[in-house]
Ligand code: UT7
């Protein structure tokens, strides 16, 4: 029997503050009708001023550990995926490790923007199946709202905050992660960016005045590449793993835009009952969207033992990725 990585615990945390489309109507030139029609989003969560990304991750992690029946000291590795970490140095994973008291764990961050969770899952799977880790916490947390220009209606209606966590452990048998696939096209790096605060555009008055410390997105161009790429990705993934779409129990897509999700489901011929959608409540929480969705899907009884679940994501980089899990 092959050794596989199995998700043995899940948890999520969404900040309390809700910002709905009607409140946004009062902030920028937009409407509930436009946002609902073009994105599917109705409301999103915004972190409190006293919360940092590691705080969101901490709450999601404690819930995931509780559901796995583990203590923080049981962990041997912590991977945090984020594009909105607490600070450039140290890693948010190290800060989280300290807050958790996970004293036996190595800790590092991974940034693949909205594809971060699936990149993290692939790295975690490699650590587990090569026996370098046996109790791994993978957490994806984002406070995108700190990097949003509230005068830019093309981004401020979309991006939002949240965190999701999973615990991974090894298991011999047919259940667990079947495959992960990672892709990138750096030629299109400038479609979604947060240019400021790094070595290219450090924190200087001129760069702040040029609004380089905000997320910038060429939305429509990104949308068109996302639809084409994801349609190919999901069909290729199922084909390579020898699965028919009808054998899938659930598709959990990155929650970016309902029109992208509909197009992907349509390409697979999947009815929407087999697609998990929660972006109407949370907007686009970047790398956190898939683990939040997994946690909610499990709690809603949408995933059962033996189910085939397909995960897919697309984001800045450009990056895109899929994972097939037999639950
Ligand atoms: O998370 C990972 C990667 N990100 C994505 O996958 C996001 C991909 N992109 C999208 O989801 C969509 O492109 C958006 C939701 C961002 C935009 O939707 P769109 O249908 O592509 O709109 P558009 O950018 O082509 O703009 C159409 C019109 C424009 O007006 P004109 O030039 O036709 O007069 C925009 O100025 O809609 C206008 N517009 C808005 N109107 C009201 C753009 N944003 C808004 C807004 N409210 N919030």
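Bear in mind these aren't lab numbers, they're just calculated from the coordinates by the rules spelled out. Bear in mind the structure is a predicted one, so any value in this text is a computation, not a measurement. All Cβ positions, even for glycine, are placed from backbone atoms using ideal geometry, and neighbour counts span all protein chains on display.
Tabulated data
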item: Calculated Rg and Dmax of the stretch 235-327 using C-alpha coordinates, Å; result: 12.4, 34
item: The chain - share of DSSP beta bridges that are antiparallel (%, nearest 5); result: 70 percent
item: Helix-only CD estimate at 222 nm, as mean residue ellipticity for the chain, using -39500 (n - 2.57) per DSSP H run (n ≥ 4); result: -10000 deg cm²/dmol
item: Average projection area in nm² (convex hull over Cα atoms of the chain, one quarter of hull surface); result: 15.9 nm²
item: Relative frequency of Cα-Cα separations exceeding 23 Å in the stretch 3-173, percent; result: 42 percent
item: Taking the C-alpha atoms of the stretch 133-246, convex hull volume expressed per residue in Å³; result: 177 Å³
item: Rough spin-label spacing in nm, given labels placed 7 Å along Cα→Cβ, for residue 241 and residue 182; result: 1.7 nm
item: Overall form of the stretch 92-137 per C-alpha gyration tensor (a/c, 1.5; a/b vs b/c); result: oblate
item: Sorted by Cβ neighbour density within 10 Å, fewest at the top, the residues 239, 213; result: 239, 213
item: Pair residue 232, residue 259: separation of 7 Å Cα→Cβ label points (nm); result: 2.1 nm
item: Pair residue 207, residue 108: separation of 7 Å Cα→Cβ label points (nm); result: 2.4 nm
item: Projected-area mean, the stretch 27-73, by convex hull of Cα positions, square nanometres; result: 5.5 nm²
